[in-house]
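Enquirer: Handing you a structure now.
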Amino acid sequence: MRGFWNRLLFVDLSHREIWTDSLSEDLWERYIGGVGLGAYLFTKYGGNFDPFSDKNPIIITTGPLVGTAFPNSGRHEVVSRSPLTTFLGESNSGGRFGFELKRSGLDGIILTGISDVPVSIFIDDGEFRIEETPELWGLDIYQTQDAIRKRGNYSVMCIGPAGEKRVLFSSIMNDEGRAAGRTGLGAVMGSKRVKAIAVHGKKIVEVNDRIEYNRAVKEASKSIMESPVVSGFRSYGSMIWMDGGIGFNDIPANYFMDRSFQFDDLSSIKFHEEYQVSSYNCAACVIGCGRTVRYNGLTVDGPEYETVAALGPLLGNTSFQNIVEWNHEINRLGMDTISTGVIISAIRHFLKAGLIDDAAIGSYYSDNFSGINRMIQDIAMRNGPGNAIADGLYRYATSLGIDRDLIATVKGLEIPLHDPRAFKAQGIVYATSTRGADHMQGDMYQIDIGGDHPDIGIVAGDRFSIDSDERVRTIIRTQDFRQVYNSLIICYYAQPDPDLIARAYSLATGFSASIRDLVDRGSEIINLKRKINEDLGLRPEEDWLPVLVRKPIEGEPQESGTTDEELISVLQRYYRLRGWGKYRPPQR
């Protein structure tokens, strides 16, 4: 078996013990790596424990292509029980951390227990140690990374003050502003008093057939570079969707209520004209969609599309200056920009609608959003009104008696910035995703504009049509396919021919598999994650989408809306085709 070291690092924080162990070969083949491996390991070492229990593990995994030259494979996955959703939490990130971890001779790390003092873990090309680092506690993510890099040439994964304070949507950051952002796993890391993990590796990852693998790498790189979509990412980063998405009415404004926003004010082209912007590549990346901005003497990470859309049109803010400042503050403190942005826009709407009457909260939004920086800091530090908001939008809004259909969450996770009325199949992905509302578990907004793969059953269709077996099969197959990406692990922006992906996997590992074989394993991984969630208390009625993002916007096609009856019909089809039994809608 190649492509893996068959070596996992176990760290018992309570007893300060550290050791390595292996798995049987059939498990590596069955679960691929990444999120598939992480979910399997959760069944062994996790369970129905409080997210902040010493028994709840943090599982960090790489994949069989990570650490090699395969394009856009330099990523890592983090799995744990989410404190935000209470279900299986997962998030992956780019940068160099996954690449360095794999090159250190490890396929992953499993953290258990709770340290009595803040610690950091150091991995030096096969040597491991736990160090007490109380001096780092309280530092932001940039200060933390700078302090650790003074000790050596490390890639650093860390939490900021928000993770230390257990903000339920805090992220785990690495390599400047890269983020395993969703589902609040930074809070789990903070509960264990782990401030950082630093890794440096220089081992060469062995593949089964080096010559043919290198040919597959070159072919995949060429295929990616010739894509017109990639050309846009290279020129303007992910923010290019601020220009492309509006043509499909895919960018929500004013808390998903309308489109009355001057979208030209936040054009990606305008941003690159007005700011000093540089691009960067994650490990093994051939695209370079990452952006840094020189602003007020600082080098600021991002912003990416989701951040711009959340802190711009969704909030009713037309200022790039605001977005750059807020994005930096959210990153610095270690929070998810999607959740934070959706929450800030939701509270503004609730104030305007008279659902909240609180002068302290209202002051955040006065004088053209002059108090938003303070709001972000209050949330991260759990100060004043920020303490309740730090528990996430669903808990905060329901505690005030706000109707569930006005709360932009699924399973407690804030809805991303691809509007389900623009691509209705995207709403079904949100409703059924195992980690909650999630545009990365099935990118139907890309599939239905021509990014499909008919050879594996992923077929573009009418973006307003969802209630047929054919359409639901495409949704399911897309979700299955994305599990393959999250397990190998490859960035979604790299989309070579699927057969090339399977070929690279087979050449790397020696496990012969077609792309259909891998997608079938993706289906098995989803079913495993579903079983884990059911054991954690998930009920069918939690696969649902609030009316907020289903009600047609005035002036847009009526067929863009999704009624309760249509949603129930589609979800019944989905359950039948997944083999999940009978779907039960929530009581209305």
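The values are calculated or read from the model by the stated rules, or taken from the named source; none is laboratory data. Everything numeric in this text was worked out from a predicted model, so none of it was measured. For neighbour counting, all protein chains shown are included, and Cβ atoms are generated from backbone atoms with ideal geometry for every residue, glycine included.
Enquirer: Taking segment 447-459 as the search range and keeping residues that are in contact with a Ser or Thr (Cβ under 9 Å, 6 or more places away or on another chain) and under 16 Å from Tyr493 (Cβ atoms), which one is surrounded by the fewest Cβ atoms within 10 Å (Cβ to Cβ)?
Expert: Applying the filter and picking the extreme gives His453.
Enquirer: When the residues of segment 307-327 are narrowed to those that are crowded, with 24+ Cβ neighbours inside 10 Å, of a type outside the set (A, V, I, L, M) and in a helix (DSSP H, G or I), which ends up nearest to the chain's Cα centre (by Cα)?
Expert: Selected residue: Thr307.
Enquirer: On to the next question. Determine, yes or no, whether Gly190 is in contact with a Gly (Cβ under 8 Å, 6 or more places away or on another chain), surrounded by fewer than 20 Cβ atoms within 10 Å (Cβ to Cβ) and in the same structural domain as Asp21 (by TED's automatic domain parsing).
Expert: no
Enquirer: Would you kindly identify the strands (runs of 3 or more DSSP E) lying entirely within segment 154-264 that contain at least 1 residues that are under 30 Å from Ala346 (Cβ atoms), modelled with pLDDT of 95 or more and in contact with a helix residue (DSSP H, G or I) (Cβ under 8 Å, 6 or more places away or on another chain)?
Expert: 155-158, 172-174, 178-180
Enquirer: So is Leu111 in a loop (DSSP other than H, G, I, E, B), touching a residue at least 24 places away in the same chain (Cβ under 8 Å) and either of a type in the set (A, V, I, L, M) or in contact with a helix residue (DSSP H, G or I) (Cβ under 7 Å, 6 or more places away or on another chain) (or both) or not? Steps first, please.
Expert: Values: in a loop (DSSP other than H, G, I, E, B): no; touching a residue at least 24 places away in the same chain (Cβ under 8 Å): yes; either of a type in the set (A, V, I, L, M) or in contact with a helix residue (DSSP H, G or I) (Cβ under 7 Å, 6 or more places away or on another chain) (or both): yes.
Considered against the rule, which asks whether it is in a loop (DSSP other than H, G, I, E, B), touching a residue at least 24 places away in the same chain (Cβ under 8 Å) and either of a type in the set (A, V, I, L, M) or in contact with a helix residue (DSSP H, G or I) (Cβ under 7 Å, 6 or more places away or on another chain) (or both), Leu111 comes out as no.
Enquirer: Restricted to segment 141-176, and to residues that are crowded, with 20+ Cβ neighbours inside 10 Å and touching a Leu at 6+ places or on another chain (Cβ under 7 Å), which residue is farthest from Ala388 (Cα to Cα)?
Expert: Only one residue tops the list, namely Thr144.
Enquirer: Select from segment 503-531 the residues that are of a type in the set (A, V, I, L, M) and surrounded by 22 or more Cβ atoms within 10 Å (Cβ to Cβ) and write down the one among them that is farthest from Asp50 (Cα to Cα).
Expert: Residue satisfying both the conditions and the ranking: Leu507.
Enquirer: Going through segment 286-306 one residue at a time, which ones are polar (S, T, N, Q) and in a loop (DSSP other than H, G, I, E, B)?
Expert: Listed by number, the list holds a single entry, Asn296.
Enquirer: For segment 341-435, please list each of the helices (runs of 4 or more DSSP H) lying entirely inside it that holds at least 1 residues being of a type in the set (Gly, Ala, Ser) and surrounded by fewer than 21 Cβ atoms within 10 Å (Cβ to Cβ).
Expert: It comes to 359-362, 366-369, 386-389, 393-399.
Enquirer: Could you list, in sequence order, all residues of segment 74-108 that are of a type in the set (A, V, I, L, M) and part of a loop (DSSP other than H, G, I, E, B)?
Expert: Residues satisfying the conditions are Leu84, Leu106.
Enquirer: If you take the residues of segment 271-306 that are free of Cβ contacts under 8 Å to residues at least 24 places away in the same chain and charged (D, E, K, R), which of them is surrounded by the most Cβ atoms within 10 Å (Cβ to Cβ)?
Expert: Checking each candidate, the answer is Arg294.
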